[in-house]
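The values are calculated or read from the model by the stated rules, or taken from the named source; none is laboratory data. Fair warning: this is a prediction, and the values are worked out from it, not measured in the lab. Note: ideal-geometry Cβ built from the backbone for every residue, glycine included; neighbour counts use all protein chains shown. These area figures cover heavy atoms from the full protein model, side chains too; ligands, DNA and RNA do not enter into them. Shrake-Rupley method; radii C 1.70, N 1.55, O 1.52, S 1.80 Å.
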Protein chains: 2
Amino acid sequence: MSLRYALLALLTVEPMTGYDLYKEFESSVGHVWHAPDSQIYPELRRMEKDGLLEGEEISWGQRGKKRQYHITEAGVAAFRTWMNGTLDYARVRDPAHLKAAYLEWAEPDAAREQMLAHIRHHTELLQQWHDKVREIEEGASPMLNRRLAKVPPEQRRKTAAFKKFTYEGLIARAEQEIAWANRGLALIDELYAEPETADAGKS
Amino acid sequence: MSLRYALLALLTVEPMTGYDLYKEFESSVGHVWHAPDSQIYPELRRMEKDGLLEGEEISWGQRGKKRQYHITEAGVAAFRTWMNGTLDYARVRDPAHLKAAYLEWAEPDAAREQMLAHIRHHTELLQQWHDKVREIEEGASPMLNRRLAKVPPEQRRKTAAFKKFTYEGLIARAEQEIAWANRGLALIDELYAEPETADAGKS
DNA sequence: GAAAACATGTAACCGGTTACATGATTCT
DNA sequence: AGAATCATGTAACCGGTTACATGTTTTC
């Protein structure tokens, strides 16, 4: 159900179309919550039916039109309620660590490749998140700037600080994952390249 | 589809019933991959149909019976193939960080409570994982011991090392999450308890 | 004129969750 | 005798993914 609140979060800034929101899910919010367009459009309809949003047909060019949604008071209240409530944490389900636990079943090169893939994956994320933090620090994030413009001055510091705090957490996590995978590479080397204990016995 | 491979991983040690496997999912593998019994039983049936397992009716007490599954050669091959292949990483979907990004919408106490809940959650996990590592180090893990007994001597070191490596990664992650939430608490205090800038303006 | 971007959906499927349902055995 | 544990499922639902489908507008 977090998709709904991610959408509400964005719509507290300004009215948007499904496509606008989808674009945001490919960049800003997409860094903490991903959603494909095929999930966004129907969810917006449901949210409208539930009174959290109001949609308005807007013409676009000659024949085209688009539907712009703005958040209702009920929507703001729902978002606030969600923000004040507690989350329940999902049970662990982590394919990378599941595989790591049985890495003795993989060929040494395949095992190394898993660790390298883990590093590549998290390095990419790290890059994105670093860029985001820099954007926030330089005041170069369009979405955040529009949000800040809407918010009373005393709140601006908080708004920016929590965004930065979020990305810093993600960065620390990615760095940890990279460090772990590097330890994995070292471990694989240690376990498989042992020249002196020349035990030729093979299974 | 990881459930299937988690089940195969366990069944490489010895034949088990659905209930045995379910118990393991509450303790050992459950730490990296959770699954409820209602998912395990039908999956075992499907795996049998796919030739990865063979089930055998075993009588239990007077009238009772249970179905014990053992892995087939095809099952071992499928597991090995999965272990040698690469994983694709799911897109980020992280409710805790999503909420953190908009924490200015929560009451200060609610914001603190989120951070405390984050700390509590990860402290619990940390506890479990530390216990697991200790168990591995002391050779007190029944499942791992049975696995080690089945494996050729040269492999034992690897088998235990990768388990420990996995848990150490989870521990480092949990510690990082706790550190992040503590930084969050400090940030909330800093942002909300600012006595000198007595800006009485409220929205 | 073609390609990229804007715009909005439906449908089939899949993995996972929650609730329901039942009964046997073993332990105290 | 009753509780805990062993044992095995079904069914409804839900959130998310992938594929399909279509058309407009803007940019090059």
* If R0 is 25 Å, what FRET efficiency do you get for residue A:92 and residue A:56 from their C-beta distance, rounded to 0.05? -> 0.05
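Which value does Rg/Rh take for region A:2-84 over its C-alpha atoms, Rh per Kirkwood?
Computed over Cα atoms, the ratio is 0.97.
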* In debye, nearest 20: dipole of region A:95-192 around its Cα centre with unit charges on the Cβ of K, R (+) and D, E (-)? -> 980
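Tell me the trypsin sites (Lys or Arg not before Pro) within region B:13-89 that lie in a loop according to DSSP and have at most 12 other beta-carbon atoms within 10 Å. Before the final figure, lay out each step's value.
Details: sites: B:23, B:45, B:46, B:49, B:63, B:65, B:66, B:67, B:80; in loops: B:63.
Counting only loop positions with at most 12 other Cβ atoms within 10 Å, the trypsin sites (Lys or Arg not before Pro) in region B:13-89 are B:63.
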* To do: Please work out how much length the chain gains when fully extended from residue A:145 to residue A:110, using 0.36 nm per residue of separation minus the C-alpha to C-alpha distance, in nm with one decimal.
  => 8.1 nm
* Tilt relative to chain B, helix B:73-84 - C-alpha long axis, 0 to 90 degrees, to 10 -> 30
* Asked: How big is the protein assembly as shown by Rg and Dmax over its Cα atoms, in Å?
  -> 25.2, 79
* Asked: Which residues make up the longest stretch of chain B that has no GluC sites (Glu not before Pro) in a DSSP loop with at most 11 other Cβ atoms within 10 Å?
  -> B:1-137
* To do: For region B:101-134, state which residues have at least 50 Å² less accessible area in the presence of all protein chains than in their chain by itself, taking the probe as 1.4 Å and leaving out ligands, DNA and RNA.
  => B:101, B:102, B:104, B:105, B:121
* Asked: Can you count the Lys pairs in region B:1-153 whose Cα atoms are under 21 Å apart, with each pair 8 or more apart or on different chains?
  -> 7
* Low-density loop cleavage sites - chymotrypsin sites (Phe, Trp or Tyr not before Pro) in region A:8-110, where at most 15 other Cβ are within 10 Å (DSSP) -> A:89
* Hey, if you drop one equal point scatterer on each alpha-carbon of chain A and run the Debye formula without solvent, what base-10 log of I(q)/I(0) do you get at q = 0.09 Å⁻¹? -> -0.51
* Taking +1 at the Cβ of each Lys and Arg and -1 at the Cβ of each Asp and Glu, which of B:144, B:171, B:128 sits farthest along the dipole of chain B towards its positive end, judged by Cα position relative to the Cα centre? -> B:144
* Rounded tilt (10° steps) of B:153-192 against the dominant C-alpha axis of chain B -> 20
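I need the Kirkwood Rh of region A:95-192: take the reciprocal of the average 1/r across all distinct C-alpha pairs and report it in angstrom.
Details: mean 1/r = 0.0640 Å⁻¹.
About 15.6 Å for region A:95-192.
Evaluate 2.2 N^0.38 Å with N set to the residue count of region B:104-143, then give the Cα radius of gyration divided by it. Could the numbers behind the result be given before it?
Numbers: Rg = 16.4 Å, N = 40, 2.2 N^0.38 = 8.9 Å.
Scaled against compact globular proteins, the figure is 1.83.
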* **Test item: A:22-29 mean partner chain Cβ contacts at 10 Å** => 1
* Among A:69, A:17, A:59 the positive-end extreme of the charge dipole of region A:1-72 (Cβ point charges) -> A:59
* Accessible area per residue, 1.4 Å probe, Å², for the protein assembly as shown: what's the number? -> 51
